[in-house]
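Take a look at the structure set out below.
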Amino acid sequence: MTVLAREGPWLFDRKTDLWAFGGSALLAFALLGLGMLTGVLESDTPDVVWIGCVVAVDVAHVWSTIYRVYLDGSEVRRRPLLYLGAPVGCYALAVGVHALGARFFWTALAYMAVFHFVRQQAGWVKLYARREQASTFDRRLDQLTVYAATVVPILWWHAHLPRSFHWFLEGDFVSFEVGARVTEVMVSVHWFLLAFWGARQVQRWRQGEAPSLGKVVVIVTTWLCWHVGIVALNGDFAFTVTNVLIHGIPYLVLTYRYGQARRHAAPWIARILRGGAAAFAASVVFLAFAEEMLWDRFVWHDRPSLFGEGAVLSASALAVLVPLLALPQLVHYVLDGFIWRGPTNPHL
């Protein structure tokens, strides 16, 4: 059993791909509809949605990296310098950056997160392009289109600060002045690329060179979610549901499938996954909830009704604790650049 399908246009299989990529987007838009009906569409994210989307998907998908690396002893031994050095190096760097100022730390982390989110969508598209054996022109067009679908909304966001939502905390993006004409041009290019890419897919289909349906789903849903959540709407709820679901759910599917494939060689993974997908989900959600509890009790103090009362720490204690709590996220960002590359990962 392998993580990705050996043959055909799908990364996993037709049903899994469509549910992971298309289903996560449908869920996001269903929640937008619910938000419209309940009046929270452009308001703060209610606790129940925050738990379901941020804790159970976004933070949980970060922790699911342990199934790819740290629960697999033979994998850790294969590249010990990378896997053991990444946490040490990330923590040391995070402490140093935090020492320059908490605001600078969160700005740096926000831009790392943006880069990671953009690159993941581009990575899915690249995998699909390889499966359909597309021409060099089509591969480049696919990449240009998915980067436009993600980068242009981010640039638009920067040009329209402040917004009613933020990546981590208010003011973590750097504002810059952009004229109305430049903004119009960016959005026009954004839509032109989508139209051109769509026309090209239709042309390929008519020529008997059918584009991968999975790739089409990834690009279209990325385009819709990033545009609607960032440009069309202006609220924390809308941004949260459109941002984290299409990012985290497919990754959770990937790490679960990888864990299944490695059970024979990783005793810890085998023990946990005896309970199937439910045990996998419970393990990463438990770790995510524990992490968020520590964040809230000692740093944010936003949800005492959910996590209980915490303690107000000194600046020196926060300088040690904040980089430590951010460590799973930082390691996830760094390792993701290495652990899914085919040529250097024989288990894939």
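The values are calculated or read from the model by the stated rules, or taken from the named source; none is laboratory data. Since the model is a prediction, treat every value here as computed from it, not as a measurement. Positions of Cβ are generated from backbone atoms using ideal geometry, with glycine treated the same way; all protein chains shown enter the neighbour counts. The protein model used for the area step is the full one, side chains on, heavy atoms only, and it has no ligands, DNA or RNA in it. Shrake-Rupley method; radii C 1.70, N 1.55, O 1.52, S 1.80 Å.
Structure notes:
- Residue list for the stretch 114-137, restricted to those being over 22 Å from the mean Cα position of the chain (by Cα) and either farther than 15 Å from Val217 by Cβ or assigned to a helix (DSSP H, G or I) (or both): Arg131, Gln133, Ala134, Ser135, Thr136, Phe137
- Test: residue in the stretch 43-51 that is outside any helix (DSSP H, G or I), open to solvent by 50 Å² or more (accessible area, probe 1.4 Å) and in contact with an Asp or Glu (Cβ under 9 Å, 6 or more places away or on another chain): yes
- Taken over the stretch 185-195, the residue count meeting the criterion of being open to solvent by less than 100 Å² (accessible area, probe 1.4 Å) and free of Cβ contacts under 8 Å to residues at least 40 places away in the same chain is 4.
- Failed condition for Pro211, given (1) at pLDDT 95 or above; (2) surrounded by 16 or more Cβ atoms within 10 Å (Cβ to Cβ); (3) under 20 Å from Thr136 (Cα atoms): (1)
- Some residue of the stretch 268-280 being part of a loop (DSSP other than H, G, I, E, B), closer than 15 Å to Tyr70 by Cβ, open to solvent by 30 Å² or more (accessible area, probe 1.4 Å) and touching a helix residue (DSSP H, G or I) at 6+ places or on another chain (Cβ under 6 Å): no
- Of note, Ala149 satisfies the criterion of being aliphatic (A, V, I, L, M), in a helix (DSSP H, G or I) and surrounded by 18 or more Cβ atoms within 10 Å (Cβ to Cβ).
- Filter pass, Leu161 being among the hydrophobic types (A, V, I, L, M, F, W, C), part of a loop (DSSP other than H, G, I, E, B) and open to solvent by less than 60 Å² (accessible area, probe 1.4 Å): yes
- The residues listed here are Trp156, Trp167; of these, the one that is assigned to a loop (DSSP other than H, G, I, E, B), aromatic (Phe, Trp, Tyr) and open to solvent by less than 50 Å² (accessible area, probe 1.4 Å) is Trp167.
- Counting the residues of the stretch 98-112 that are among the hydrophobic types (A, V, I, L, M, F, W, C), in a helix (DSSP H, G or I) and either without any contact (Cβ under 8 Å) to a residue 40 or more places away in the chain or surrounded by 18 or more Cβ atoms within 10 Å (Cβ to Cβ) (or both) gives 6.
- Members of the stretch 121-140 found to be touching a helix residue (DSSP H, G or I) at 6+ places or on another chain (Cβ under 6 Å) and touching a residue at least 24 places away in the same chain (Cβ under 8 Å), listed by number: Gln121, Ala122, Trp124, Val125, Tyr128, Ala129
- Residue check for Gly310: open to solvent by less than 70 Å² (accessible area, probe 1.4 Å), in contact with a Pro (Cβ under 8 Å, 6 or more places away or on another chain) and more than 16 Å from Trp63 (Cα to Cα): yes
- So Val285, is it of a type in the set (Val, Ile, Thr), under 30 Å from Gly96 (Cβ atoms) and in a helix (DSSP H, G or I): no
- Of all residues in the stretch 313-343, those being open to solvent by 70 Å² or more (accessible area, probe 1.4 Å) and farther than 27 Å from Gly101 by Cβ number 3.
- When restricted to residues that are surrounded by fewer than 17 Cβ atoms within 10 Å (Cβ to Cβ) and among the aromatic types (Phe, Trp, Tyr), the stretch 122-146 contains 1.
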